[in-house]
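Input: a single structure, listed below in structure tokens.
We did not get these values from a lab; they are worked out from the coordinates using the rules stated. Because the structure is predicted, anything quoted here is derived from the model rather than measured. Please note: Cβ atoms are built from the backbone with ideal geometry, for glycine as well, and neighbour counts cover all protein chains shown.
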Amino acid sequence: MVFGTIALGCTLTMTKLSVAVFGWLMIFAGATQALHAFWKERGWGGFFIDALMGILYLVVGFMVVGNPMATAVTLTLLIGMFLMFDGLFRIFTAISIRYPNWGWLLLSGVVSLVLGLMIWRQWPLSGLWVIGLFVGIQMILNGWSLVMLSLAVKNLPEEVAPAALAES
């Protein structure tokens, strides 16, 4: 939760760091896939697909690491578009099906649509802070969920706790 709060205060830095980590993960995945193309059995005909995909991941990963802020701006536009289309789909689904508690799906769709529109309206400037903001919020929510889980487990009766842990 502490790091999430810090991330919310430094959204530009968090955006740059998150995108750079994403780029390094792509580089690692590309190298692994390219090496896999050479190490697997020779009878399989997908050598060129694996090798080309590995090289593509490597090239794109190096491009992301080389210019993380341009990548962040592009990814933010994609996030905004996804949120808008997701919101429209949820709104349409909620209105057309009207299953029990359909209002929650409608609310979720409206929130997604509004967030997507907010990102799109402020783009490209939103590309500098949105990813860092989302990562910071996720870190805080993940921290709170772990605190709540630990409090729930701490309050389990002594005789129930070992049996519950053995089942999982």
For region 56-64, Karplus couplings with θ = phi - 60° (6.51, -1.76, 1.60), whole Hz, Gly/Pro x: 4, 4, 4, 4, 5, x, 5, 5, 5
Build a GNM of the chain with springs between Cα atoms under 10 Å: which of MET148, MET118, MET14 gets the top mean-square fluctuation? MET148
Extension reserve of the PHE62-THR74 stretch, reckoned as 0.36 nm per residue once the Cα distance is removed: 2.7 nm
Sorted by average packing, counted as other Cβ atoms within 10 angstrom per residue and highest first, what order do 137-145, 83-91, 123-131 take? 123-131, 83-91, 137-145
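Pairs of Cα atoms under 8 Å, at least six residues apart: use those to get the relative contact order of the chain, whole percent.
34
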Per Stokes-Einstein, at 4 °C and 1.567 mPa s, what whole-number D in µm² s⁻¹ belongs to the chain, with the Kirkwood radius over Cα pairs as the hydrodynamic radius? 66
GNM result for the chain, Cα springs below 10 Å: residue of ALA37, ALA152, ALA20 fluctuating most strongly: ALA152
Of TRP24, TRP102, TRP39, which is the most mobile in a GNM of the chain whose springs link Cα atoms less than 10 angstrom apart? TRP39
Give, as a single signed number, the net charge of other residues whose beta carbon lies under 15 Å from the beta carbon of LEU128, with Lys and Arg counted +1 and Asp and Glu -1. +2
Can you compute the charge dipole magnitude of region 2-144 about its Cα centre, using +1 on each Lys and Arg Cβ and -1 on each Asp and Glu Cβ, nothing else charged? Give it in debye, rounded to the nearest 20. 160
